[in-house]
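A.B. asks: This structure is in structure tokens; I'll ask about it shortly.
The values are calculated or read from the model by the stated rules, or taken from the named source; none is laboratory data. Computed from a prediction, not measured in an experiment: that's the story for all the values here. When we count neighbours, we look across all protein chains shown, and the Cβ atoms used for this are built from the backbone with ideal geometry, even at glycine. Surface accessibility is based on the protein's heavy atoms, side chains included, excluding ligands, DNA and RNA. Shrake-Rupley method; radii C 1.70, N 1.55, O 1.52, S 1.80 Å.
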Amino acid sequence: MSEDGQTIITALQTVAGAAGRVSGARQTGGVASLILDVTGLSAPARAELEHNVREALGRLPGIADVRIAMTADKVERTIIAVGSGKGGVGKSTLSANLAVALARAGRAVGLVDADVYGPSQTRILGNSDRPQMVDKQLVPVEAHGIRMLSLGQMVEQGSALAWRGPMAASALGQLIEGDWGDTEILVIDLPPGTGDIQLSLIQKWKPAGAVIVSTPQDLALIDATRAIDLFRKMNVPIFGLIENMSGYACPHCGEISDPFGAGGAEAAAKVMGIPFLGRVPLTLNIRRASDEGRPPAAGAGEEAEAFARIAQRLSEEMNPNRG
């Protein structure tokens, strides 16, 4: 490296985040030029780093212009589709808490609320801030250690969306192709059923695998089987089945009852030859916390432990050879 190039590198040692990202530094006359690797940085972080580098070099004697070429390697992301055959099984609550639990286990996680007709993640995660648009990309908001994009951030609460399939698929594209930075796992909270959104996701973005949520009763399991069949026909692996609302502990006497049955999802998973990832109880605390924007997985206690166990089982299915 030339002496002028070394002077530039030395000047950038005090710039936060620049270490290891600068190459090709040189000075020609009054022009300083370099290559800045911005792999994994969000749009705001890229802009801030570029500004700070320009400012630092602009203070060097003899520098009249700073030219920066930014490069970035494509970040490979694991897309996990969370689906259900029918509504009302707690899929969105499960998706949010699963994403939070994965993040608490050390993964960089994003959550897409793809239920364009009934987005609820802004409520569950307690953040309805409108995302910024930078370089024609939506910048996710942060909540409970994860990044999140939802159509609920961009429409007035309670508004009905009378969209046909192509419009809904276009909205899904804006969310998935947002500026996710260094996010390594993208959890997609799908609408119930097996419609246009599911097909668009599978055909264009090909998830690494799917997680199916069901309550224990036979009717929900029949619909869950349809969702599993769709993913299998489209060659998307099934990471596993989760039994939600499994067992209810009376807050007064502690007796356990099973208003939706018990063990049905685990038995169905065994019959279908797919992994059973675990069960989540039906508790008043999960309902209250979700309504208040406090996902239980972000806290402590039995509910948090239940989601942590499911996240661990999912990680094992995603990385069967790890460890």
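A.B. asks: Could you give the Stokes-Einstein D for the range 55-123 in µm² per second, using the C-alpha Kirkwood radius, 4 °C, 1.567 mPa s?
C.D. replies: In µm²/s, the coefficient is 80.
A.B. asks: In cubic angstrom, how much convex hull volume per residue do the alpha carbon atoms of the chain span?
C.D. replies: Residue-normalised Cα hull volume stands at 164 Å³.
A.B. asks: Calculate how many DSSP beta bridges within the chain are antiparallel, expressed in % of all such bridges and rounded to the nearest 5.
C.D. replies: In the chain, DSSP labels about 30 percent of beta bridges as antiparallel.
A.B. asks: Of the accessible area of the range 28-182, with the probe set at 1.4 angstrom, what percent is carbon plus sulfur?
C.D. replies: 47 percent
A.B. asks: A further question follows. In whole Å, what are the extents of the range 29-81 along the principal axes defined by its C-alpha atoms, from largest to smallest?
C.D. replies: Dimensions of the range 29-81 along the principal axes of its Cα atoms: 54, 17, 9 Å.
A.B. asks: Moving to a separate point now. With a Förster radius of 35 Å, plug the Cβ-Cβ distance of Val75 and Asp229 into 1/(1 + (r/R0)^6) and report the FRET value to the nearest 0.05.
C.D. replies: 0.65
A.B. asks: For the range 4-50, compute Rh as the Kirkwood radius over C-alpha pairs and then the Stokes-Einstein diffusion coefficient at 37 °C and 0.692 mPa s; write the answer in µm²/s, rounded to an integer.
C.D. replies: Estimated diffusion coefficient is 291 µm²/s.
A.B. asks: Keeping all protein chains in place, calculate the accessible area per residue for the range 1-141 (probe 1.4 angstrom), answer in Å².
C.D. replies: Per residue, the range 1-141 has 48 Å² of solvent-accessible surface.
A.B. asks: Could you sort 293-302, 88-97 so that the peptide with the highest average Cβ count within 10 Å comes first and the rest follow in order?
C.D. replies: 88-97, 293-302
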